Amino acid sequence: MIASPSRHPHWPGGVPPEIQVDANGDITQNEAIEESRAWFLFVEEQWVPRTTANISDEDGDYEVRQRRQIMVEWAKASQELRDAYHQRALQRTGFNLPPEDATQNADYPGDCPDFLCLAPLGPDHRSNRSKWIKLFLLSCRLDGEMGHCLDQYGSEHGGLTLNPASHPDPSAVQVTDVLPRALLETANWNCITMTRRGTVLFLQRLGPWFLVTPDDLETGHITIVEFKRNGQVAKSLRRRACNMWPVYLKYCGQYLSLEEIEDNRVGGNAAMNSDLDMTLPIVDILEGAKARGEFLFGFDGDREAWTEDIEIYAPGYLAMEAAGNEADYDHARLIDPMEAYDIRREMYASFDCKDPGSRT
């Protein structure tokens with residue numbers, strides 16, 4: 001069995017300047033693949049399987065090293081050479097995709113979760129860490145039900161682990177850095193391709209991304225982003241974290257577009273999505289929104305109920321928050337929100353509660 005790749009496979013020294021993302025992101029999948037004919041042929045001729053190269057299965061990074069090398073060679077090649085490959089590729093019938101072993105270890109599960117905080121969360125950023133745990137808890141369902149407002153997307157969450165060579169200042173990260181970090185740094189050929197001009201296009205994982213920008217972290221929001229094939233933003237929509245459940249249902253369940261969700265005010269109007277003061281204790285944030293009449297219809301809860309739910313999602317969090325140490329809360333203690341209902345069911349069953357969904 002081939003070993004797993006490095007945990008954070010940063011491109012040594014950063015992505016080389018020769019490798020540039022294509023200027024045009026407004027093309028279809030088929031157009032992008034057509035642009036890649038020459039690249040596929042080049043990969044086919046250049047790829048050396050690990051068995052041929054006599055590489056041990058213990059070296060989990062062999063494929064990513066070779067993918068990066070071949071990408072640099074294609075980007076540095078003369079346009080005449082790339083055009084010659086394109087003409088040769090056109091003479092073939094059908095498409096010749098990269099060899100299957102060329103995409104070995106291309107995906108890095110958990111490296112860039114879809115629910116992603118772009119603000120730095122390192123030890124030197126305690127204020128961000130304090131707000132991030134609160135925002136995560138606000139994105140859990142606190143409306144009288146259990147689970148997460150982003151459903152399965154809420155199970156994996158975290159910060160963006162940056163390559164210091166590419167991003168020496170983590171506070172300067174932009175939304176448009178997400179796809180290059182998630183896919184280009186790792187030379188993920190399952191999701192990226194190269195054109196006959198030597199540029200990069202993103203084919204997969206264009207959306208949805210549930211991002212928390214530095215401004216979102218300060219104000220309690222999540223921004224849904226869909227990207228173009230060049231990593232630029234195609235469409236985005238911003239909602240309070242606690243208002244994301246109906247958005248998720250319409251967007252990921254009924255496949256409404258972000259335009260339709262915005263036009264129909266799914267997830268509330270502007271007042272219901274105004275800025276929150278994330279420096280407050282989490283229950284005070286919720287009580288303030290309730291007092292101002294900013295909850296969505298059907299959002300049910302009070303201090304006792306929210307305290308109970310938060311203790312299920314994040315055991316021990318409220319005590320740490322009361323002591324002013326919420327920035328130190330270990331996210332490994334968070335339970336998977338998908339399991340929260342069963343935990344509550346068992347809790348109520350122990351009190352001989354007839355209805356585990358009831359708080360009375």
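The values are calculated or read from the model by the stated rules, or taken from the named source; none is laboratory data. Every value quoted in this text rests on a predicted model; they were computed, and no experiment measured them. Neighbour counts run over all protein chains shown; Cβ positions are idealised from the backbone, glycine included.
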(request) Filter region 9-31 down to the residues that are over 23 Å from the mean Cα position of the chain (by Cα) and in a helix (DSSP H, G or I), then identify the one that is farthest from R196 (Cα to Cα). (result) N30
(request) Would you mind telling me which numbered condition in (1) buried (at least 18 other Cβ atoms within 10 Å of the Cβ); (2) in a loop (DSSP other than H, G, I, E, B); (3) among the small types (G, A, S) G293 fails? (result) (1)
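Which residue, of G324, G253, G298, is more than 27 Å from the chain's Cα centre (by Cα), farther than 28 Å from P214 by Cβ, small (G, A, S) and loosely packed, with under 12 Cβ neighbours inside 10 Å?
G298
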(request) Just name the residue that is farthest from L206 (Cα to Cα) out of those in region 76-115 that are of a type in the set (K, R) and modelled with pLDDT of 85 or more. (result) R88
(request) Kindly indicate the residue of region 71-103 that is among the acidic types (D, E) and in contact (Cβ under 8 Å) with a residue 12 or more places away in the chain and also farthest from I55 (Cα to Cα) among those meeting that condition. (result) D83
(request) Evaluate the following for I55: is it assigned to a loop (DSSP other than H, G, I, E, B), surrounded by 14 or more Cβ atoms within 10 Å (Cβ to Cβ) and in contact (Cβ under 8 Å) with a residue 60 or more places away in the chain? (result) no
